[in-house]
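One structure is given below, encoded as structure tokens.
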Amino acid sequence: IGRWSALAVGLSYGFFHARTLRNEAAARHIESEYSRKVALIEEAKKKYAESKSSNTGSSSEKFNFDDPNFDADKWAKHLESKFK
């Protein structure tokens, strides 16, 4: 009777231990997915802020018409975006 009891205890332990490991792995997977999504959101916020700052920075851009390196195309694009 001792062998059968040891077998039942071993099988029970193995079943519960495997279930615990599986649940921990699932929890780690959920946590890693969440942290990946948070990182993506933060990256998107940075890119959005960068695009908003570049838009406001280009509207206040100063052009020097006396500069020999003056770019008329850049100035025309600036005017086009300003009055759009």
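The values are calculated or read from the model by the stated rules, or taken from the named source; none is laboratory data. A quick note: this is a predicted structure, and the numbers were derived from the prediction, not measured. Here the Cβ positions follow ideal geometry from the backbone for every residue, glycine too, while neighbour counts run over all protein chains shown.
Where residues in the stretch 38-64 are at pLDDT below 80 and either of a type in the set (Lys, Arg) or outside any helix (DSSP H, G or I) (or both), which of them is farthest from the chain's Cα centre (by Cα)?
Applying the filter and picking the extreme gives ASN64.
Please give the number of the condition SER5 fails out of (1) surrounded by 10 or more Cβ atoms within 10 Å (Cβ to Cβ); (2) at pLDDT 90 or above.
(1)
Do we find that LYS77 is surrounded by 10 or more Cβ atoms within 10 Å (Cβ to Cβ) and touching a Ser or Thr at 6+ places or on another chain (Cβ under 7 Å) in this structure?
no
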